[in-house]
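First the structure, in the form of structure tokens, and then the observations on it.
The values are calculated or read from the model by the stated rules, or taken from the named source; none is laboratory data. Please read these numbers as outputs of a predicted model, since none were measured by experiment. Counting neighbours? That spans all protein chains shown, and the Cβs are built from the backbone with ideal geometry, glycine included. Quick note on the areas: whole protein, heavy atoms, side chains included, nothing else; ligands and nucleic acids left out. Shrake-Rupley method; radii C 1.70, N 1.55, O 1.52, S 1.80 Å.
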Amino acid sequence: MMTQMLAAGSIGLMHYLVVAAIMFCCGVATILLKRNAIGILIGIELILNAANVNLVAFNRYPAPGAGAVDGQIFAIFVIVLAAAEAAVALAILLNFYNNFATVDVERADNLKG
Amino acid sequence: MIHPLCNISAECVCDALFYLFAAMAIGASLSVVAAKNIVRMAVSLLVALLGVAGLYLSLNAEFLSAVQLVVYAGGTLVLIIFGVMLTNNSTYQLYKPRRIEVVVGTGLAIMLAVVLVSAITRSDFQDRPIGADEANPVFHLGRALLGDFLIPFELISVLLLAVMIGAAYLAKARKRESEGGK
Amino acid sequence: MPSPALLLLIATLLPLASFVVLLLWGKRIGNPYAGHIGTLAVAGSFVCSVLAMIFWLYAGADNSLSWGANKAPIEISFPWIPTGDALWPAGHAPAKPGYMDLSIYVDSLTVVMFVMITIVATSVHVFSIKYMHEDARFPRFFTYLGLFCFSMLGLVLGGTILQLFVFWELVGLCSYLLIGFWYEKKSASNAAIKAFIANRVGDLGFLVGFGILFYHLGNASLPALYGMLGSAGSGGDITIGSGASAVVFSSTALTLMGLGLFCGAVGKSAQFPLHVWLPDAMEGPTPVSALIHAATMVAAGVYLVGRIFPILTPEAKLVIATIGLITLTMAALIAITQSDIKKVLAYSTVSQLGYMMLAMGVGSWMGGLFHLITHAFFKALLFLGSGSVIHAAHHEQELPQYGGLAHRIPWTAGTFLVGVLAIAGLGFGPLGFSGFFSKDTILVDAAQFAQLSGGKIYWIYFIVPVIVAYITAFYMMRCWTLTFAGKPRNRHLYDHAHEDPVMFIPLVVLAILAVGGGYIGVQSMLRNSIQETRAYVSSDRQAFVGFDTAFQHRLPGEPSEMAAESVDAGLVEEEHHDAIYEKAHHLVVMYVTPAFLVGIGLAFVIYRKGYRYTDAMLRFAPLKALHTFLYRKMYIDELHNALFVGGAHVVARLCGMVDKYVVDGLVNVVAYAARVVAWISGIHDKYVIDGAVVGSGKLAWLIGGIGRGAQTGRVRGYVTLMILVFAAGLVVAMACYLA
């Protein structure tokens, strides 16, 4: 199967999905491993990008009946939302930094029961 | 289809480009995970974003590729770097995770990767790209954004406005508080 | 031979280049090198413009070229914004249906305007290097000047109404920036805002006019307009196209369109009632007043009316003439009493612009534009002269503080006097200062207009401007006498006054032009422009009659057979027309030529001793009242305040009353009712609901205590758990799938 995937001219949907899956896992690992809040934000960006690669790839290899650019439209929305999320997250982060003088998320445990 | 400049077929070039961009994206993602320093993570993220932009190009999504470069590489990343700068005293201060966390996290991620990749390679996707003439993305994108997707499009602009106000408010509240504190 | 169009394009772009350079590196280049860069750029523009003029005239004599002076204009156009072919029915025949063109249009008028603008701009740049040298924002000043020169030249070069509008706004912006250049002064920033708003009011009209135009024609390029609406001058509806697809452009819409575009000119050229911004604009640096608020930008309105002249209806022209008449009279009267040297010049500018508008309205196309050019020279001279005085007097602008300065700053005094004589119209027969020829051209045409129009009432368009010509000479000489003649009224100021060669060289250059402006062929160039337009537009459509309502004059020294060939040539017999011209000419020679003598002599006699005689006159109460009325600028500012600002206040107060008594009353009633209901339900709450609530609260406390242990508050712990569950779910799903 691997040799078949690597043959010339055989790049298909699957290749993109695999790349996206690996990126997604890297994003998850980043979130799990970093204690720096900005690091977590970076992990989230990686995950969103992985999802976007999926969307655009499915747009290129569409299911029957799908619109010509639906996948890309969704990807655009995701990009916009990612930008919005980054802005808000950083604003919150700055507030957090202001209160705790650190960006270590372990310190954000005020909600501890 | 043979490229006139050298004796390599166009498909071959496309494949090579795909592997190049995929390697960029994956390698940089891995380096994000591995990096200890937050600035290095941000730079790795930049490379990963560039790789993804390249992947978009190879998927005939030129417009998205450009948007990726402008919004992500140009906007979001700058925002993140600003965040790094504004929380400056901790830039080089490393927050090491505990060992148990590293083991659990890495293990989980690898498990997830294995499950996902095996699921993908096993499934039977329709694998025929849409024809070249249908792929005039910018034209269709424009039509779709101002046609079928007009309402989401407008909603998202309202959302952006809300985010702008919200972010400004949060940042401003912080300032006032710090002044009041001193 | 390079095409004049290319040269003019280079001339336009050079100031833009200097603007960009100074914008990016102005601070580093610093004082005075930033000024040198700006001056070099605009001097380059001047050289290009002069070369273009030479080539243009040469091309007119060269038979191998189809364009050139007296032949045809150059039009280079690109389709810019497609506005949809679907808007145009098939078979409809505008030149380029459904396109906003981007075009360059060069005819003799363009060339003359370029030379005039670049001469004045170069003089002002040279002058400013010295005048502004102490200013902290010296590079910024030249940055703005560069942008202004670019915009102004672009305005003249553009071949479509839309381009005109774009550059129109750009010059407005520069004007705003430069009036408010010393924005630390509250009065300067207020003046800038006032100028901006007054201009916006006018521009709204411009947009409406443009909308009407574009709606009917689908095109805004000047030749296309001339071709389609050339017969507007004779009144009546115009049908564009033929057969089923014809579009009727009714005469009412045509008039409205003309008046709308004229509204823009009212704002920009400071015509009544929007003139209020120009005197206030004197808060800007004096070189700016010379360049923008005397010579070029304020003349853009007249230029616009000149460009759309062939498509104006008679009704629109009558309105234009009337507005011009009101403006020139009012401003001249106010100018008599002003005590600030720059305010006097500002009102004199408004008055002269009124003359130009009047000229346009009565059909003196050539007179109006000729006066535009000569006025630019002598008014820039006067303003730079006042700048030199103000510089010498350490930024004192009040006439009562001056007096006798001719001894201290002789060059300024001399050149200023030349300017005064030019604006007063000194001259007789074939000899005279530039203002003499241009003003006479306007007045002769006004007299012809009055004769041709029939009714006696139309003579007002001749008689009033003639009287104002006397007043003009009077107030300008008053200004000169109070500044330079007599005894010094402020000894300290007098002793410290001095002038600078860098500042008076531009004055001398402009003085030469103010003297000789009548001889340098402006009139023949303007006439060429008419011929070119006529030839060009007639070449692919029916004969162009747009300029037939404009009077065309004999040039100095030209035999009379050539003269006065127009005025509805088919309708009016040649002899009859000659008689009209002769009568008009006779009237002007009789009544206007003495104007400068009477005005200047009277002013000199009265003001020779400073304010001694006038103070005596002001003891007479009615004169005092009149003086106050004029000194307060006829209370037009107050009127605007009362009408618009006050009106807004009244509306706001009304809304406030409605709020207070109607809305608030309703709300209060509702609130009272709510209070009653709340009291009743409060009793119910206390005994029935509270029991249930307290019980469920206790229950929640119990359950919360149990779940509490899981809430570590650690985000990453939650995420780990989430991913774990997700991954586990996937594994199970995979297992099921494989099984």
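So in the range B:62-81, with the set limited to residues that are more than 7 Å from chain A (Cβ to nearest Cβ) and either open to solvent by 40 Å² or more (accessible area, probe 1.4 Å) or out of contact with any helix residue (DSSP H, G or I) (no Cβ under 6 Å at 6 or more places or on another chain) (or both), which one is farthest from A:ALA91 (Cα to Cα)?
B:GLU62
Count, please, the residues in the range C:453-476 that happen to be on the phi > 0 side of the Ramachandran plot and either in a helix (DSSP H, G or I) or crowded, with 24+ Cβ neighbours inside 10 Å (or both).
Residues of the range C:453-476 that are on the phi > 0 side of the Ramachandran plot, as a first pass: C:454.
Applying the additional criterion that residues be either in a helix (DSSP H, G or I) or crowded, with 24+ Cβ neighbours inside 10 Å (or both) yields none.
So the count comes out to 0.
Scan the range C:16-35 for residues that are modelled with pLDDT of 90 or more and not aliphatic (A, V, I, L, M) and jot them down.
C:SER18, C:PHE19, listed by residue number.
Filtering the range C:40-83 down to residues that are aromatic (Phe, Trp, Tyr) and assigned to a helix (DSSP H, G or I), which residue is most open to solvent (accessible area, probe 1.4 Å)?
Let us first name the residues in the range C:40-83 that are aromatic (Phe, Trp, Tyr), namely C:46, C:55-56, C:58, C:67, C:78, C:80.
Subsequent filtering for residues that are assigned to a helix (DSSP H, G or I) retains C:46, C:55-56, C:58.
Details: C:PHE46: 65, C:PHE55: 45, C:TRP56: 0, C:TYR58: 128 Å².
Here the residue is C:TYR58.
Find the residue count for the range C:102-161, including only residues that are touching a strand residue (DSSP E or B) at 6+ places or on another chain (Cβ under 9 Å) and free of Cβ contacts under 8 Å to residues at least 12 places away in the same chain.
Of the residues in the range C:102-161, 0 are touching a strand residue (DSSP E or B) at 6+ places or on another chain (Cβ under 9 Å) and free of Cβ contacts under 8 Å to residues at least 12 places away in the same chain.
Does C:GLU573 qualify as being among the charged types (D, E, K, R) and at pLDDT below 75?
Working: among the charged types (D, E, K, R): yes; at pLDDT below 75: yes.
It is true that C:GLU573 is among the charged types (D, E, K, R) and at pLDDT below 75.
Quick one: what pairs do we get from the range A:67-95, first residue more than 7 Å from chain B (Cβ to nearest Cβ), second among the acidic types (Asp, Glu) and assigned to a helix (DSSP H, G or I), C-beta under 9 Å, 6+ apart or different chains?
A:GLU85/A:GLU45
Considering only the range C:205-246, state which residues are in contact with a helix residue (DSSP H, G or I) (Cβ under 7 Å, 6 or more places away or on another chain) and open to solvent by 40 Å² or more (accessible area, probe 1.4 Å).
C:VAL208, C:ASP237
Inside the range B:25-40, can you point out the residues that are touching a Ser or Thr at 6+ places or on another chain (Cβ under 8 Å) and hydrophobic (A, V, I, L, M, F, W, C)?
Those that are touching a Ser or Thr at 6+ places or on another chain (Cβ under 8 Å) and hydrophobic (A, V, I, L, M, F, W, C): B:ALA28, B:VAL32, B:VAL33, B:ALA35, B:ILE38, B:VAL39.
Could you list all residues from the range C:161-179 that are open to solvent by less than 10 Å² (accessible area, probe 1.4 Å) and either of a type outside the set (Ser, Thr, Tyr) or on the phi > 0 side of the Ramachandran plot (or both)? Lay out the reasoning, then the answer.
The first filter runs over the range C:161-179 and keeps only residues open to solvent by less than 10 Å² (accessible area, probe 1.4 Å), leaving C:161, C:164, C:168, C:171-172, C:174-175, C:178-179.
Answer for the range C:161-179, where residues must be open to solvent by less than 10 Å² (accessible area, probe 1.4 Å) and either of a type outside the set (Ser, Thr, Tyr) or on the phi > 0 side of the Ramachandran plot (or both): C:ILE161, C:LEU164, C:TRP168, C:VAL171, C:GLY172, C:CYS174, C:LEU178, C:ILE179.
Please work out if C:GLY414 is surrounded by 24 or more Cβ atoms within 10 Å (Cβ to Cβ) and part of a helix (DSSP H, G or I). First the steps, then the outcome.
Numbers: surrounded by 24 or more Cβ atoms within 10 Å (Cβ to Cβ): no; part of a helix (DSSP H, G or I): yes.
Considered against the rule, which asks whether it is surrounded by 24 or more Cβ atoms within 10 Å (Cβ to Cβ) and part of a helix (DSSP H, G or I), C:GLY414 comes out as no.
Answer yes if at least one residue in the range C:256-276 is over 29 Å from C:HIS375 (Cβ atoms) and in a helix (DSSP H, G or I), and no otherwise.
Residues of the range C:256-276 that are over 29 Å from C:HIS375 (Cβ atoms), as a first pass: C:256.
Of the ones still in play, those that are also in a helix (DSSP H, G or I) are C:256.
Yes, the range C:256-276 contains at least one residue that is over 29 Å from C:HIS375 (Cβ atoms) and in a helix (DSSP H, G or I).
Show the residue pairs that are 6+ apart or on different chains and have beta-carbon atoms under 9 Å apart, the first residue being within the range C:604-633 and free of Cβ contacts under 8 Å to residues at least 40 places away in the same chain, the second being part of a helix (DSSP H, G or I) and among the acidic types (Asp, Glu).
Listed by first residue and then by second, the contacts come to C:ARG632/C:GLU638.
B:MET24 passes all but one of (1) open to solvent by less than 30 Å² (accessible area, probe 1.4 Å); (2) more than 7 Å from chain A (Cβ to nearest Cβ); (3) over 18 Å from A:ILE31 (Cβ atoms); which number fails?
So B:MET24 meets the others, but not (1).
Give the range C:267-284 a look and list any residue that's touching a helix residue (DSSP H, G or I) at 6+ places or on another chain (Cβ under 6 Å), open to solvent by 10 Å² or more (accessible area, probe 1.4 Å) and over 19 Å from C:ALA192 (Cβ atoms), or say none.
Correct list: C:PHE272 only.
What is the residue count in the range C:127-174 for residues that are in contact with a Leu (Cβ under 6 Å, 6 or more places away or on another chain) and part of a loop (DSSP other than H, G, I, E, B)?
The qualifying residues number 1.
Among residues belonging to the range C:183-200 that are surrounded by fewer than 17 Cβ atoms within 10 Å (Cβ to Cβ) and not hydroxyl-bearing (Ser, Thr, Tyr), point out the one that is nearest to the chain's Cα centre (by Cα).
Step by step, filter the range C:183-200, then rank; the result is C:ARG200.
Among the listed residues A:ILE11, A:ILE44, A:ILE31, A:ILE40, which satisfies the condition of being of a type outside the set (S, T, N, Q) and within 7 Å of chain B (Cβ to nearest Cβ)?
Working: A:ILE44 fails: within 7 Å of chain B (Cβ to nearest Cβ); A:ILE31 fails: within 7 Å of chain B (Cβ to nearest Cβ); A:ILE40 fails: within 7 Å of chain B (Cβ to nearest Cβ).
Criteria check complete, one pass: A:ILE11.
Mind counting the residues in the range C:598-612 that are open to solvent by 50 Å² or more (accessible area, probe 1.4 Å) and either aliphatic (A, V, I, L, M) or closer than 13 Å to C:PHE484 by Cβ (or both)?
Residues meeting the conditions: 5.
Take the conditions within 21 Å of C:THR122 (Cβ to Cβ) and either touching a residue at least 12 places away in the same chain (Cβ under 8 Å) or surrounded by fewer than 24 Cβ atoms within 10 Å (Cβ to Cβ) (or both) and apply them to C:PHE378. Does it pass? Give the derivation first.
Details: within 21 Å of C:THR122 (Cβ to Cβ): yes; either touching a residue at least 12 places away in the same chain (Cβ under 8 Å) or surrounded by fewer than 24 Cβ atoms within 10 Å (Cβ to Cβ) (or both): yes.
Spelling it out, C:PHE378 is indeed within 21 Å of C:THR122 (Cβ to Cβ) and either touching a residue at least 12 places away in the same chain (Cβ under 8 Å) or surrounded by fewer than 24 Cβ atoms within 10 Å (Cβ to Cβ) (or both).
Listed residues C:SER538, C:SER529; which is of a type in the set (Gly, Ala, Ser) and either touching a residue at least 24 places away in the same chain (Cβ under 8 Å) or in a loop (DSSP other than H, G, I, E, B) (or both)? Show your work before the answer.
Values: C:SER538 fails: either touching a residue at least 24 places away in the same chain (Cβ under 8 Å) or in a loop (DSSP other than H, G, I, E, B) (or both).
Exactly one residue qualifies, and that residue is C:SER529.
Are any residues in the range B:44-61 at pLDDT 90 or above and open to solvent by 40 Å² or more (accessible area, probe 1.4 Å), and if so, which ones?
Here is the first cut: in the range B:44-61, the ones at pLDDT 90 or above are B:44-56.
If the condition is that a residue be at pLDDT 90 or above and open to solvent by 40 Å² or more (accessible area, probe 1.4 Å), then B:LEU46, B:VAL47, B:LEU50 are the ones that fit.
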